1. Give, in nm to one decimal, the length gained when the segment between Arg28 and Gln53 is fully stretched (0.36 nm per residue of separation minus the Cα-Cα distance).
2. Looking at the range 102-156, which GluC sites (Glu not before Pro) are in a loop (DSSP not H, G, I, E or B) and have at most 11 other Cβ atoms within 10 Å?
3. Can you flag which of Lys78/Lys137; Lys12/Lys145; Lys62/Lys109 are past 22 Å Cα-Cα?
4. Of the trypsin sites (Lys or Arg not before Pro) in the range 122-156, which ones lie in a loop per DSSP and count no more than 14 other C-beta atoms within 10 Å?
5. If r is the Cβ-Cβ distance from Gln112 to Glu67 and R0 is 30 Å, what FRET efficiency results, to the nearest 0.05?
6. For Leu143, what accessible area in Å² do you get when you roll a 1.4 Å probe over the heavy atoms of the protein chains, rounding to the nearest 10?
7. State the percentage of accessible surface on the range 62-156 attributable to carbon and sulfur atoms; use a 1.4 Å probe and exclude ligands, DNA and RNA.
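The values are calculated or read from the model by the stated rules, or taken from the named source; none is laboratory data. Fair warning: this is a prediction, and the values are worked out from it, not measured in the lab. Cβ: placed from backbone, ideal geometry, glycine included. Neighbour counts: every protein chain shown. Ligands, DNA and RNA are stripped out before the accessible areas are found, and what is left, the full protein with its side chains, is counted by its heavy atoms. Shrake-Rupley method; radii C 1.70, N 1.55, O 1.52, S 1.80 Å.
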Amino acid sequence: MNGFLRRIWSGKGIKQISILPNGVYIVRFDVTFDNKPVIIRDWTPDAKLVKQQITEMPIWIKLCDLELKFWSPKCLEKIAGIIGKYIRCDDIKLMRQYLTYARIMIEVKLDQDFPDTISVFDDKGEEHVVRVEYDWKPVTCSLCKRVGHRDTECRG
């Protein structure tokens, strides 16, 4: 599927293709579309051509300045779970070479808060503050509840 998507969308600025455990592919482009994500769904003969309201979506986060004791897959999953539902992690072995951040895909609700830091506690009960960076944060309007613009830009 990776090769197929790259072939049919060659020249469209594909940056990365990821697959989720449920068989959903996420294609990340180098470009934005009016600050809105593009979501492609499976087609079936009985599919209804109606616009569906999206309330959750996957995003990539970086957990920065993590101490070495937090670099196990189980710890990373728990820490990322503070913000959203853990989906997958980049190659931990590769990330450990740099030890600057762990890159994790999580599913978030579009109307939730996106903290810049989170607190985690080690086995001795000591608090550690972890800085969070987002590859992209969903932009939602609280007036019309749609993705892609803020309240001040709402056209109803």
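1. Result for the pair: 6.9 nm of gain on full extension.
2. Here the sparse-neighbourhood loop sites are Glu126.
3. Details: Lys78/Lys137 20 Å; Lys12/Lys145 29 Å; Lys62/Lys109 18 Å.
Exceeds cut-off: Lys12/Lys145.
4. Qualifying residues, ordered by number: Lys124, Lys145, Arg150, Arg155.
5. Values: r = 26 Å, r/R0 = 0.87.
About 0.70, to the nearest 0.05.
6. My reading of the accessible area for Leu143 is about 120 Å².
7. Carbon plus sulfur share of accessible area: 48 percent.
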